[in-house]
1. Any residue at all in segment 484-499 that is within 28 Å of Leu381 (Cβ to Cβ), touching a Ser or Thr at 6+ places or on another chain (Cβ under 7 Å), part of a loop (DSSP other than H, G, I, E, B) and aliphatic (A, V, I, L, M)?
2. Any chance you could count how many residues in segment 84-115 are assigned to a helix (DSSP H, G or I) and in contact with a Gly (Cβ under 6 Å, 6 or more places away or on another chain)?
3. In this structure, is Arg407 of a type in the set (D, E, K, R), touching a helix residue (DSSP H, G or I) at 6+ places or on another chain (Cβ under 9 Å), modelled with pLDDT of 95 or more and surrounded by fewer than 23 Cβ atoms within 10 Å (Cβ to Cβ)?
4. From the set of residues in segment 21-60 that are in a loop (DSSP other than H, G, I, E, B) and in contact with a Lys or Arg (Cβ under 7 Å, 6 or more places away or on another chain), which is surrounded by the fewest Cβ atoms within 10 Å (Cβ to Cβ)?
5. Can you tell me which residue among Ala422, Ala452, Ala436 is touching a Lys or Arg at 6+ places or on another chain (Cβ under 8 Å), closer than 24 Å to Thr373 by Cβ and in the same structural domain as Ile542 (by TED's automatic domain parsing)?
6. Only residues that are in a helix (DSSP H, G or I), over 22 Å from the mean Cα position of the chain (by Cα) and within 20 Å of Ala465 (Cα to Cα): list them for segment 512-537, please.
7. Just one of (1) crowded, with 21+ Cβ neighbours inside 10 Å; (2) within 17 Å of Ala502 (Cβ to Cβ) trips up Val123, so point out which.
8. How many of the residues in segment 376-429 are closer than 23 Å to Ala548 by Cα and either of a type in the set (Ser, Thr, Tyr) or in a helix (DSSP H, G or I) (or both)?
Amino acid sequence: MTLTATGATGPHGDDALEAPGAPWLDPAAAYRAISGRDPRFDGRLYVGVVSTGVYCRPSCPARTPRPENCRFYPAAAAAVAAGFRACRRCRPDALPGSRDWDVRGDLAARAVRAIADGAVDDVGVDGLAARLHVSVRHLHRVLVAEVGASPLQLARTRRAQLARMLLDQTDLSMADVAFGAGFASVRQFNDVVREHFGAPPSELRRVRRRGSVAPVAAGASDRLPVSGARLSLRLRFTPPFDAGSWFRHVAARAVPGLERATSGAGAAVGMAAAPAPGPDTVGLGVEALGAAEPGTGSRGADDTGAGSRRAADTGSGSRRAGDDAGTGRPEVSVTRLLRGGEGPVHVTVVLAADGSAVHAHLELMSLADLAPTVTRLRRWLDLDADPGLVAGALGGDPLLAPLLAARPGLRVPGTTDPFELAVRAVLGQQVSTAAARTIAGRLVAEHGEPGADGLSFFPSAATLAQVGTPALRALGLNEGRASTIGVVARAVADGLRLDPGADRERVRADLLALPGVGPWTADYVALRALGDPDVFPAGDLILRRALAELPGGAGEPVDVRAATARAAAWSPWRGYAAQHLWSAWSHRVELAAAEPRRPKTARRVRRVAR
């Protein structure tokens, strides 16, 4: 169903919101979506009901309003800007974000991504406009025309939604909720929450206490200084969620001293250079073999170094490792440190192995770092993905259909540190995952910043920019890759932005201009750091082998040009296609490694018998 532009107005009359040229959604197509209570459009379409003054998700169980009472919006902030408040029954404010804005590269999409990433909180609207190289007036005009809300309105909605989550899930004081959600004052917090939800924060919390939602643990940090805070949050997402594949991807790359990946059995990955495969390492057979693991193994020759949308929200409270909320469901977890604006942030992400729940246990020096931390975790886990939308777009392909069926809800893992991702992409050029991880461990041990809980921070761009090529070569890097890491570090230290709001085409061009960075590295950074879902690294050897050898593949060698042509039909979700191909190839290698091998003597006897 295509939702195209038309006109609409707010609940307070025809003059409530009339932004010239505002492309509201085609009412006929949108009304069909809400009439059928189609959950596929939850988070991508919002309906404001003039007769009640509320806005809902398309799948709201309430009686379908009359067509003349409906106004349709592409974002919750647009509905609020038009004067609607969130429906208390379907909670449209609790939906995960939408990746619709991730597939576009225009100014409006870049601005929406940057605001969702916290740019307005960091640098204000003026600073955001400067980052995007436009005037504040032009930015305002474009966003109102494309989204239906100004930059400040989008930022206020982001804060209001985080505040509602904190009111629902914690017992933080109202002042702490306001500060943690990014508000400048408690008064502003009260006004914005009332505008968005039609009730003051105190009433929303009383409603929670009368209901069945229990707050999760909160208290003083036991790893950071006493001024810090500890709390746990449930992160919403659109099911299904393939937690196992996400965890295997992260665990296979867990760097000693930088992060710990722990399976339900309680064994940690990332504390030894190369753990052997087994039940406690959750199937790390590929890297234990030293194979060119999909996504970070052998590369194209250009990278030689030489030059249904219903949010899942289950479980509450703190839990012991390996047991999801005491239900006996196995868990996996990843722990690492993040750099916050006010100090270190200790993060443990806990996933139910069946993909039914995602919890984040956070220890922060200041609640001011809460909002950006939640945003970074959502991008790391790709929690705003819409598996149904991706499956609908890719499921008709004979090569991808069985892969989608085998791994429903597969995510494209992002990163919590774009610069770290770029460096590790360079380290992974034409070597195995195990080798790249070993060198990354040496890099962290030698140049990382020690932190809490036996973990360190990855070296910053400023730090590595000062480290000479000889020092990097001493870690086991060749001349080309050591030089490339220094070049990338200096570029980032000098202002090259690798965040989701960056101009992707410009970033790609800037990266390709750096010695030792080729198309594969630039594509890998775009996919995992910039969050571009339409990137297909056609130079990746594993992807080309998968296109040739997996069932439904070409059956013959595939070069870069042929791989690019084959992937064209998968736009705008080529990144998810690549992730499925990598995962399928990894599984194939693991199965091959698990097959018992006949003794050499037996093979010789068999040849003689013939």
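1. Within segment 484-499, none of the residues are within 28 Å of Leu381 (Cβ to Cβ), touching a Ser or Thr at 6+ places or on another chain (Cβ under 7 Å), part of a loop (DSSP other than H, G, I, E, B) and aliphatic (A, V, I, L, M).
2. Result for segment 84-115: 4.
3. Yes, satisfied.
4. Gly53
5. Result: Ala452 is the single residue among Ala422, Ala452, Ala436 that is touching a Lys or Arg at 6+ places or on another chain (Cβ under 8 Å), closer than 24 Å to Thr373 by Cβ and in the same structural domain as Ile542 (by TED's automatic domain parsing).
6. Of segment 512-537, the ones in a helix (DSSP H, G or I) are 512, 519-528.
Those left that are additionally over 22 Å from the mean Cα position of the chain (by Cα): 512, 519.
Leu512, the sole residue that qualifies.
7. In the conditions (1) crowded, with 21+ Cβ neighbours inside 10 Å; (2) within 17 Å of Ala502 (Cβ to Cβ), Val123 misses (1) alone.
8. Of the residues in segment 376-429, 10 are closer than 23 Å to Ala548 by Cα and either of a type in the set (Ser, Thr, Tyr) or in a helix (DSSP H, G or I) (or both).
The values are calculated or read from the model by the stated rules, or taken from the named source; none is laboratory data. From a predicted model like this one, the values you see are computed outputs, not experimental measurements. Because the Cβ atoms are built from the backbone with ideal geometry, glycine has one as well, and the counts that use them run over all protein chains shown.
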